[in-house]
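Structure record follows, encoded as structure tokens.
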Amino acid sequence: QLLFLAMLCIGFGLKAQTIPYVAITDLNFVSSSDLLACSDTSAYLGDTIKTRGIVVIDGNLSEVASGSVTGGARPFIHIVDTANGGTTNPFSTIELMGVYTDANGGLQVPATFTQVVAGDVVEVTGIVGEFNGSNQISLLDANSFAITGTATAPAPAVATVGDFNDPNRINNLVTGEQWEGAFVKLTNVTVTEVIFFSGNRVSFNVIDANGNKLNVSDRYLAQKLPSYQTVNPNSPQTTGSFAPPVPGTFYNSLSGVVRHDANGCTGDAGRGYELNPFLSTHYDIGFAPPYISMVERDPKIPTSSQTVDVEFNIADFDGTVDSAYFYWTDDSTKLPSQFTKTLVTPNAGTTGDYTFSLPARPNNTYIRYYIRAVDDQNNNS
């Protein structure tokens, strides 16, 4: 009887330690009522689970440096629910962080993690977590990640910038959360700002026709600059090769995986939902207008006897600058179309530096001016 009771207790203990299987869609799902109430938290947050998915991104394309992980890189991929043949449906994709904690407390990456390719089917045992509002699974141990088969590489779902953020880049949980982690394609967007940071990194903001704004970020090799040294041990390149756009660039489409950097009603101060392209083909440029930059005025506070030099640079991303004009007026009643127009040419010995000299005017004269450039494809800035 004692032996029977002991075996029974052991059996109950083993049953209690069984790790449940949970489909990715169930891991991610949040009801509309919860989203309306500004709650996007997974019902499984903090749980240890098993799941299965089809790899969206080759494992050697992630580029996230980490001093706390052995090898110096913290790799990420996204996996989509195997249901429906891997079709990208709402709530069906999640980010997977390829790191586990070893017996000594160190962070390690399984050897196979950075070797997977899009279309591989993987089984994962891990802990459901979140980072800045974005769901992710981290691995339980060294045996928590296995390739079990192959399938068709997932295709992107079509979404709009307005599904994710408003014109102030505030996240829209009700329509955006269903695509968190997903591979999506956006169409007809225009670059508004290009943001260089950390010395060798770049992101940029795009808007749709309604002004809704989204950041395009550089988590993967596709958006790493030539000055960037890759950290993924299996990277196909030693440096990046991305040529950043200029403000005014129009993309027929942009594709990538969606991450959440929560803000707005969540109380966080992130960038909202953002897009991370992972292949060079994800940037489909329609046209890029001339880029007018480095506009400076000298002197900034002139006397009535001084002319004022306005210096600037004009470059073209996908062609050449065909013509440039400087418009100005000291008549406060004139419309911009009525300003004095002057054709300007590059300074001697340069290809893109210009200077226009405004004539001296009496003190307290209000001068308005602007610069217009046209490229060889008749695009205007």
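The values are calculated or read from the model by the stated rules, or taken from the named source; none is laboratory data. Please read all numbers here as calculations on a predicted model, not as lab measurements. Reconstructed Cβ throughout: ideal geometry from the backbone, glycine too, with neighbour counts over all protein chains shown. These accessible areas exclude ligands, DNA and RNA; they are computed on the full protein's heavy atoms, side chains included. Shrake-Rupley method; radii C 1.70, N 1.55, O 1.52, S 1.80 Å.
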Is any residue of region 97-133 close enough, with backbone N under 20 Å, to a label point placed 7 angstrom from the Cα of D26 along the Cα-Cβ axis, and if so, which? 122-130
Calculate the tail of P(r) for region 119-235: the fraction of all Cα-Cα distances greater than 26 Å, expressed in %. 37 percent
Residues in region 50-94 near a label at A146, defined as backbone nitrogen under 18 Å from the 7 Å Cα→Cβ point? 50-55, 82
When all alpha-carbon pairs of the chain are counted, what percent fall beyond 38 Å? 34 percent
Accessible surface, the chain, averaged per residue in Å² (probe 1.4 Å): 47 Å²
Label N210 and S198 with points 7 Å out from Cα along Cα→Cβ: what is the distance between them in nm? 3.3 nm
Roughly what would the spin-label model give for A243 and K300, points 7 Å off Cα along C-beta, in nm? 3.5 nm
Counting only Cα atoms, I'd like the Rg/Rh figure for region 33-123, Kirkwood definition for Rh. 1.02
Looking at the chain, send over the antiparallel percent of its DSSP beta bridges, to the nearest 5. 90 percent
Can you bin region 172-260 into rounded, prolate or oblate? Criterion: square roots of the alpha carbon gyration tensor eigenvalues sorted a ≥ b ≥ c, rounded for a/c under 1.5, prolate for a/b above b/c, oblate for the rest. oblate
Find the centroid of the Cα atoms in region 311-379 and in region 50-108, then give the distance between the two in whole Å. 50 Å
So if I place +1 on the C-beta of Lys and Arg and -1 on the C-beta of Asp and Glu, and nothing else carries charge, what would the dipole magnitude of the chain be about its Cα centre? I want it in debye, nearest 20. 240 debye
By the C-alpha gyration tensor axes a ≥ b ≥ c (rounded if a/c is under 1.5, else prolate when a/b exceeds b/c, else oblate), the shape of region 230-277 is oblate
List every residue whose amide H lies under 5 Å from the amide H of A151, counting only residues 5 or more places away in sequence or on a different chain, with H placed 1.01 Å from N in the peptide plane. D120, V121
Rounded, prolate or oblate: pick one for region 302-362, where a ≥ b ≥ c are the square roots of the eigenvalues of its C-alpha gyration tensor, a/c under 1.5 means rounded, and failing that, prolate if a/b is larger than b/c, else oblate. oblate
Roughly speaking, what is the centre-to-centre gap between region 181-250 and region 268-292 when only Cα atoms are used, to the nearest Å? 5 Å
0 to 90° range, to nearest 10: angle between helix 2-16 axis and the chain longest Cα axis: 20 degrees
3J(HN,Hα) from dihedral phi, region 48-56, Karplus parametrisation 6.51/-1.76/1.60, rounded to Hz, x for glycine, proline: 9, 9, 10, 8, 9, x, 9, 5, 8
Calculated from DSSP helices alone, with each H run of at least 4 adding -39500 (n - 2.57) and the total divided by the residues of the chain, [θ]222 nm to the nearest 500 comes to -2000 deg cm²/dmol
Under the Karplus relation 6.51 cos²θ - 1.76 cosθ + 1.60, θ = phi - 60°, what is the ordered set of whole-Hz ³J(HN,Hα) values for region 30-47, x standing for Gly and Pro? 10, 5, 4, 5, 5, 5, 5, 8, 6, 10, 10, 6, 5, 5, 9, 3, x, 7
Given a Förster radius of 45 Å and the C-beta distance between N168 and T320 as r, what FRET efficiency does 1/(1 + (r/R0)^6) yield to the nearest 0.05? 0.80
Take the Cα pairs of region 268-381, get the Kirkwood Rh, then feed it into Stokes-Einstein at 4 °C and 1.567 mPa s and tell me D in µm²/s. 78 µm²/s
Under 5 Å from the placed amide H of V344, counting only residues 5+ away or on other chains, we find A324, Y325, F326
If you average the sequence gap of Cα pairs under 8 Å that are 6 or more apart and divide by the length of the chain, what percent do you get for the contact order? 12 percent
Which percent of the accessible heavy-atom area of region 45-97 goes to carbon and sulfur, probe 1.4 angstrom? 47 percent
Extension gain (nm, one decimal) between C265 and Q115, 0.36 nm per residue minus Cα-Cα: 50.1 nm
One point scatterer per Cα, no solvent, Debye formula: log10 I(q)/I(0) for region 288-332 at q = 0.21, 0.29 Å⁻¹ comes out as -0.83, -1.11
Determine the sum of side-chain charges near A222: Lys and Arg each +1, Asp and Glu each -1, restricted to other residues whose C-beta is under 12 angstrom from that of A222. -1
